[in-house]
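Worksheet: the structure to be examined is printed underneath.
The values are calculated or read from the model by the stated rules, or taken from the named source; none is laboratory data. Model, not experiment: these values are computed from the prediction. Here the Cβ is made from the backbone with ideal geometry for all residues, glycine too, and neighbour counts use every protein chain on show.
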Amino acid sequence: MIKRYVCCLLAGLLSWPALAQFRVEVSGVGLTQLPIAFAPFRGDEASPQKIGAIVQADLERSGQFRLIEVAASPLDENARPDLFPWRQKGADSLVTGSVTRLADGRFDVRFRLWDVVRGKDIGREGHVVVKGDLRLAAHRIADFIYKTLTGDRGIFSTRIAYVTKSAQRYDLWVADADGENSQSALTSPESIISPAWSPNGTHLAYVSFESRKPVVYVHEVATGKRRLIANFRGSNSAPAWSPDGKTLAVTLSLSREGGSQLFTIDIAGNGEPRRLTQSSSIDTEPVYSPDGKHIYFVSDRGGSPQIYRMPAAGGAPERVTFTGIYNISPALSQDGRWIAYISRVNGEFRLHVMELATGSTTPITETSADESPSFAPNSRLLVYATKHQGREALMTTTLDGKIKARLAGQVGDIREPDWGPFQNPDN
Amino acid sequence: MSMKKFVLVMGAALLMAGCGSAVKLDSTPVEDRSTGAAVTDTSATAKGGVVPVDAGKSQQGAIPAVSRLVYFDYDSYVIKPEFQSLVETHAGFIKSDKGRKVVIEGHTDERGGREYNLALGQKRAEAVRRALGLLGVADSQLEAVSFGKEKPAVQGGDETAWSQNRRAEISYR
């Protein structure tokens with residue numbers, strides 16, 4: 001514990017002062033991290049959003065990069081820097097750039113990425129954006145750098161949804177993947193839970209208690225138009241989109257014998273639910289596999305809640321989790337390799353990740369009230385809810401749990417995160 | 001629940017039922033919170049002891065002057081024997097007016113996931129619904145819904161609070 005603490009403290013001391021606001025916790029040694037250095041961008045001092053700091057925080061939070069601190073004068077994208085001193089400091093890559101306010105009030109954000117080891121220019125980009133999109137421009141720069149250096153798509157310009165609670169007010173927010181730039185999609189005096197992004201990122205399905213019972217809405221984020229999709233007798237909850245966006249799996253209790261059972265609803269159809277499970281136990285929290293062939297869900301049919309898998313059209317379920325007596329809230333990675341879930345261990349609720357092919361399971365946290373894991377669309381990060389110093393907070397973590405960051409942007413209780421899809425075909 | 005607490009709860013319930021026939025307590029959880037404050041001191045929201053009242057509805061005088069709350073053990077949806085007479089009293093009352101609609105709201109304590117707790121609360125609500133049905137109440141008069149852990153009666157992270165949050169509320173609409 002002491003060792004961990006010192007490790008975190010050191011990481012804190014070494015990190016860029018400007019990054020303090022992002023609260024990145026490094027709780028392990030990441031041997032495969034890419035060392036990268038940033039020269040201050042020309043004009044960043046005067047920019048309403050500090051582009052360099054946002055890009056650095058994105059890369060650091062990904063767990064794949066180690067920031068090399070070098071005191072330097074600003075270098076823009078046109079500079080031909082002497083790379084030797086950067087190499088001496090241990091950097092493999094260097095980012096230079098500029099932020100220029102144009103006559104029409106927009107901002108021209110440019111950067112260049114250098115391979116310090118080979119002494120080569122390995123890419124440049126520019127974004128002309130309005131002031132409100134400066135953070136987005138920074139996230140796109142981080143995506144470019146991430147893609148160029150790791151080969152995987154970056155998730156920094158994606159969005160997450162989450163819910164905040166303050167006194168008797170609940171808000172459903174849409175925010176940047178770093179938790180900033182949040183916009184309220186829904187305000188309610190009653191609880192909102194289980195937001196779920198449609199596969200194309202235009203709609204959110206969620207459970208609202210505004211009518212004094214749980215019902216499921218589908219809500220178009222850009223227009224605020226929403227539609228009651230499940231408002232049957234009893235409770236309506238746990239919406240999950242099929243990968244083609246045409247079907248919503250939900251938990252309903254409308255059958256004569258009651259109970260929470262899985263149904264599907266054709267979104268464009270007449271709204272009639274089709275029953276998927278036939279049990280006298282609790283069946284809930286459905287989630288589709290990325291190929292759409294299976295539905296993973298939670299059931300207590302074996303006496304305690306465990307995660308099962310069945311064909312997406314219904315059929316014989318097979319059990320997925322075997323360790324522990326309480327495993328809930330499954331989330332699947334887009335690459336189909338991983339399942340994240342919450343397991344109760346000695347009375348504490350902790351995020352776990354299982355490699356589906358091997359069944360090998362890793363506990364990711366040492367907290368006690370984790371909830372609602374959701375994978376980033378590149379399958380490299382998770383967002384989840386937990387309690388931090390008595391308040392509900394959102395964290396991101398790498399799949400090995402070594403790099404965690406508390407999402408900024410909101411005060412008070414934050415919960416129920418869902419990570420949205422990639423926004424552009426090839427960002 | 002100890003006998004002393006039980007008497008206090010019943011006393012509070014009777015006291016509120018007797019508060020006047022012209023007003024309806026707003027949502028049942030609001031009533032609960034004050035009940036919790038009477039039993040323990042753990043509620044952070046009850047300082048000052050003011051019970052908000054919604055004068056918009058006016059059936060309260062007719063509702064039986066007994067508790068509308070059935071409490072459950074952890075992870076359980078079995079109705080304990082001590083709540084049988086309470087359920088019977090409500091069954092008789094609901095049957096006496098076929099036009100009466102009742103929603104049974106299931107609740108859980110704060111531990112565990114929101115959706116799984118929603119399903120657990122549904123089981124509790126349905127246990128009470130089934131018990132009322134066995135006593136002859138028409139199914140068309142009853143709806144079982146769940147709030148999961150979204151509407152705790154009492155704030156707090158210990159068994160005192162949890163035990164009061166694991167409940168089904170018989171709510172007259």
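Consider B:Ala138 against the criteria (1) under 13 Å from the mean Cα position of the chain (by Cα); (2) more than 8 Å from chain A (Cβ to nearest Cβ): it satisfies all of them except one. Which criterion is unmet?
Status for B:Ala138: all satisfied but (1).
Just one of the numbered conditions (1) closer than 29 Å to A:Asn181 by Cα; (2) aromatic (Phe, Trp, Tyr); (3) at pLDDT below 95 is not true of A:Tyr5; which one?
In the conditions (1) closer than 29 Å to A:Asn181 by Cα; (2) aromatic (Phe, Trp, Tyr); (3) at pLDDT below 95, A:Tyr5 misses (1) alone.
Considering every residue within the stretch B:68-89, establish whether at least one is among the aliphatic types (A, V, I, L, M), over 14 Å from B:Ser171 (Cβ atoms) and at the interface with another protein chain (Cβ under 10 Å from one of its Cβ atoms).
no
Taking the stretch A:33-69 as the search range and keeping residues that are farther than 21 Å from A:Asp152 by Cα and among the β-branched types (Val, Ile, Thr), which one is nearest to the chain's Cα centre (by Cα)?
A:Ile51
Kindly evaluate A:Val345 against the criterion of being at pLDDT 95 or above and within 14 Å of chain B (Cβ to nearest Cβ).
Spelling it out, it is not the case that A:Val345 is at pLDDT 95 or above and within 14 Å of chain B (Cβ to nearest Cβ).
I'd like the full set of residues that are within 32 Å of the chain's Cα centre (by Cα), under 19 Å from A:Asp121 (Cα atoms) and surrounded by 14 or more Cβ atoms within 10 Å (Cβ to Cβ), limited to the stretch A:70-103. Even if it seems obvious, please write down each step before you answer.
Step one: filter the stretch A:70-103 for residues within 32 Å of the chain's Cα centre (by Cα), giving A:70, A:76-77, A:90-101.
With under 19 Å from A:Asp121 (Cα atoms) added as a condition, the list becomes A:76-77, A:90-98.
Across the stretch A:70-103, the qualifying residues are A:Asp76, A:Glu77, A:Ala91, A:Asp92, A:Ser93, A:Leu94, A:Val95, A:Thr96, A:Gly97, A:Ser98.
Rundown of residues vs (1) surrounded by fewer than 22 Cβ atoms within 10 Å (Cβ to Cβ); (2) part of a helix (DSSP H, G or I); (3) modelled with pLDDT under 95, yes/no style:
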site	(1), (2), (3)
A:Gly105	yes, no, no
A:Leu113	no, no, no
A:Ala137	no, yes, no
A:Phe156	no, no, no
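Residues A:Ile145, A:Ile160: which one is in contact with an Asp or Glu (Cβ under 7 Å, 6 or more places away or on another chain), crowded, with 22+ Cβ neighbours inside 10 Å and outside any loop (DSSP other than H, G, I, E, B)?
One residue alone meets the criteria, A:Ile160.
Name the one entry in A:Val117, A:Val99, A:Val95 that is over 30 Å from A:Pro239 (Cβ atoms) and assigned to a loop (DSSP other than H, G, I, E, B).
So the residue among A:Val117, A:Val99, A:Val95 that is over 30 Å from A:Pro239 (Cβ atoms) and assigned to a loop (DSSP other than H, G, I, E, B) is A:Val117.
Here is a check on your reading of the model: is A:Val250 touching a residue at least 40 places away in the same chain (Cβ under 8 Å) and touching a Leu at 6+ places or on another chain (Cβ under 8 Å)?
Here the answer is no, as A:Val250 does not meet what is asked.
Please enumerate the residues belonging to the stretch A:187-202 that are touching a residue at least 40 places away in the same chain (Cβ under 8 Å) and over 14 Å from A:Arg415 (Cβ atoms). Spell out how you get there, then give the answer.
Looking only at the stretch A:187-202, we keep the residues that are touching a residue at least 40 places away in the same chain (Cβ under 8 Å), and these are A:192-201.
If the condition is that a residue be touching a residue at least 40 places away in the same chain (Cβ under 8 Å) and over 14 Å from A:Arg415 (Cβ atoms), then A:Ala196, A:Trp197, A:Ser198, A:Pro199, A:Asn200, A:Gly201 are the ones that fit.
Restricting to the stretch B:86-129, name every residue that is of a type in the set (S, T, N, Q) and at pLDDT below 95.
Hit for the stretch B:86-129 is B:Ser96, nothing else.
Please go through the stretch B:132-152 and give me each residue that is touching an Asp or Glu at 6+ places or on another chain (Cβ under 7 Å), surrounded by fewer than 24 Cβ atoms within 10 Å (Cβ to Cβ) and of a type in the set (Gly, Ala, Ser), ordered by number.
B:Gly133 - this is the single residue of the stretch B:132-152 that is touching an Asp or Glu at 6+ places or on another chain (Cβ under 7 Å), surrounded by fewer than 24 Cβ atoms within 10 Å (Cβ to Cβ) and of a type in the set (Gly, Ala, Ser).
Pick out, from the stretch A:167-248, the strands (runs of 3 or more DSSP E) lying fully within it that include 2 or more residues that are buried (at least 20 other Cβ atoms within 10 Å of the Cβ) and facing another protein chain (nearest Cβ under 10 Å).
So the answer is A:192-197, A:236-241.
Is the stretch A:309-331 home to any residue that is modelled with pLDDT under 95 and touching a Leu at 6+ places or on another chain (Cβ under 6 Å)?
yes
For the stretch A:296-383, give me every one of the strands (runs of 3 or more DSSP E) that falls completely inside it and has 2 or more residues that are crowded, with 19+ Cβ neighbours inside 10 Å.
The qualifying strands (runs of 3 or more DSSP E) are A:306-311, A:327-332, A:338-345, A:348-355, A:371-375.
Would you say A:Pro48 is modelled with pLDDT of 55 or more, loosely packed, with under 15 Cβ neighbours inside 10 Å, in contact with a helix residue (DSSP H, G or I) (Cβ under 7 Å, 6 or more places away or on another chain) and not acidic (Asp, Glu)?
Here the answer is yes, as A:Pro48 does meet what is asked.
Residues of the stretch B:90-108 being small (Gly, Ala, Ser) and within 14 Å of another protein chain (Cβ to nearest Cβ), which ones?
The one that is small (Gly, Ala, Ser) and within 14 Å of another protein chain (Cβ to nearest Cβ): B:Gly106.
Of all the residues that make up the stretch A:202-250, how many are aromatic (Phe, Trp, Tyr) and either more than 17 Å from A:Ala268 (Cβ to Cβ) or touching a Cys at 6+ places or on another chain (Cβ under 7 Å) (or both)?
The number of residues fulfilling the criteria is 3.
Against the condition within 12 Å of chain A (Cβ to nearest Cβ), free of Cβ contacts under 8 Å to residues at least 60 places away in the same chain and among the aliphatic types (A, V, I, L, M), how does B:Val128 come out, does it pass? Before the answer, list the steps.
Details: within 12 Å of chain A (Cβ to nearest Cβ): yes; free of Cβ contacts under 8 Å to residues at least 60 places away in the same chain: yes; among the aliphatic types (A, V, I, L, M): yes.
Answer is yes for this residue.
Which residues, counting only those in the stretch B:128-169, are closer than 18 Å to A:Leu254 by Cα and acidic (Asp, Glu)?
B:Asp139, B:Glu143
What number of residues in the stretch A:287-320 are more than 14 Å from chain B (Cβ to nearest Cβ) and either of a type in the set (Lys, Arg) or farther than 30 Å from B:Ser76 by Cβ (or both)?
Going through the stretch A:287-320 one residue at a time, the tally reaches 13.
Residue by residue, here is whether (1) touching a Ser or Thr at 6+ places or on another chain (Cβ under 7 Å); (2) of a type in the set (Ser, Thr, Tyr); (3) more than 24 Å from A:Phe297 (Cβ to Cβ) holds:
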site	(1), (2), (3)
A:Leu149	yes, no, yes
A:Arg153	no, no, yes
A:Asp171	yes, no, yes
A:Ala177	yes, no, yes
A:Pro214	yes, no, no
A:Gly224	no, no, yes
A:Ala230	no, no, no
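Considering only residues that are modelled with pLDDT under 95 and within 14 Å of chain B (Cβ to nearest Cβ), which ones fall in the stretch A:254-276?
Passing the criteria: A:Leu254, A:Ser255, A:Arg256, A:Glu257, A:Gly258, A:Gly259.
Any residue at all in the stretch A:392-406 that's farther than 18 Å from A:Gly63 by Cβ and out of contact with any Asp or Glu (no Cβ under 6 Å at 6 or more places or on another chain)?
yes
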